[in-house]
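The values are calculated or read from the model by the stated rules, or taken from the named source; none is laboratory data. No experiment lies behind these values; they were computed from the predicted model shown. Positions of Cβ are backbone-derived with ideal geometry, glycine not excepted, and every protein chain shown enters the neighbour counts.
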Amino acid sequence: MIRFGFTRRVRRPAPGEIATIVAMLDRRSIVLVGLMGCGKSAIGRRLASALGLPFVDADEEIEKAAGKSIGEIFEDHGEVEFRDGERKVIARLLNDGPQVLATGGGAYMDPETRARVAENGISIWLKAELPVLLRRVARRDNRPLLKTGNPSEVMSRLMRERYPTYAEADIVAESREVPHEQIVSEILEKLYDRSESKT
């Protein structure tokens, strides 16, 4: 079992180790799941770069398809219609692997989407504690689910509702206030260990 651990400096995986991970993926995608603010986009971009894979943000693809922002879709059509569109877009994107795919916070809650991810991807839950999430979401005002109540109460409720389902992901990575490169290194270690266990 190889370790990508470090104390102060990030250990970069060797090219052969990266090749092993990518070969294990074949046509599957790495699918990042978790609550808003857990770092799916920021960590996902760095993970994709480390693996030499495309990075795709599902929310951005939904906005392109709809010609509207996520907030506008929520306001104009409601969450049910947004989730229907989200399900279809993610199903399409999962046919385009291998890639690193960041999904919206509610996407993995959909049973059909979870089944598609299980079939066509390796899911990684970026698990974060409430204080970390609140600090991060406070930096942006484009979170539709946070416009209807106290952010701390809303996020606490979402954690209670969603964390048991997120826990079904193939890999859990702790998203915390450390350099993103450290979290990427830990994810690469877990992916490599997974690839070694398949051989």
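What the table below lists for this structure:
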| read-out | value |
| --- | --- |
| Any hit, region 79-92, residues being in contact (Cβ under 8 Å) with a residue 12 or more places away in the chain, touching a Leu at 6+ places or on another chain (Cβ under 7 Å) and buried (at least 18 other Cβ atoms within 10 Å of the Cβ) | no |
| Residue in region 4-14 that is in contact with a Gly (Cβ under 8 Å, 6 or more places away or on another chain), part of a helix (DSSP H, G or I), farther than 28 Å from Arg157 by Cβ and not hydroxyl-bearing (Ser, Thr, Tyr) present | no |
| Residue within region 15-30 that is more than 24 Å from Thr165 (Cβ to Cβ), among the aliphatic types (A, V, I, L, M), modelled with pLDDT under 90 and surrounded by fewer than 17 Cβ atoms within 10 Å (Cβ to Cβ) present | no |
| Tally of residues being out of contact with any Asp or Glu (no Cβ under 9 Å at 6 or more places or on another chain) and not in a loop (DSSP other than H, G, I, E, B) across region 32-44 | 4 |
| Any chance Ile122 is modelled with pLDDT of 95 or more, of a type in the set (A, V, I, L, M) and part of a helix (DSSP H, G or I) | no |
| Some residue of region 103-116 being among the polar types (S, T, N, Q), within 26 Å of Asn150 (Cα to Cα) and under 13 Å from the mean Cα position of the chain (by Cα) | yes |
| Hits in region 165-199 (condition: of a type outside the set (Asp, Glu), more than 17 Å from Glu129 (Cβ to Cβ) and in a helix (DSSP H, G or I)) | Thr165, Val184, Ser185, Ile187, Leu188, Lys190, Leu191, Tyr192, Arg194, Ser195, Ser197, Lys198 |
| Test: residue in region 124-134 that is more than 18 Å from the chain's Cα centre (by Cα) and not hydroxyl-bearing (Ser, Thr, Tyr) | yes |
| Among residues of region 35-50, those that are surrounded by 14 or more Cβ atoms within 10 Å (Cβ to Cβ) and without any contact (Cβ under 8 Å) to a residue 60 or more places away in the chain, counted | 3 |
| Condition met for Ile122 (surrounded by 18 or more Cβ atoms within 10 Å (Cβ to Cβ) and more than 16 Å from Asp170 (Cβ to Cβ)) | no |
| Criterion violated by Lys127 - all others in (1) modelled with pLDDT of 95 or more; (2) charged (D, E, K, R); (3) surrounded by 14 or more Cβ atoms within 10 Å (Cβ to Cβ); (4) out of contact with any strand residue (DSSP E or B) (no Cβ under 9 Å at 6 or more places or on another chain) satisfied | (4) |
| Thr113 at pLDDT 90 or above and either in contact with a strand residue (DSSP E or B) (Cβ under 7 Å, 6 or more places away or on another chain) or basic (Lys, Arg) (or both) | no |
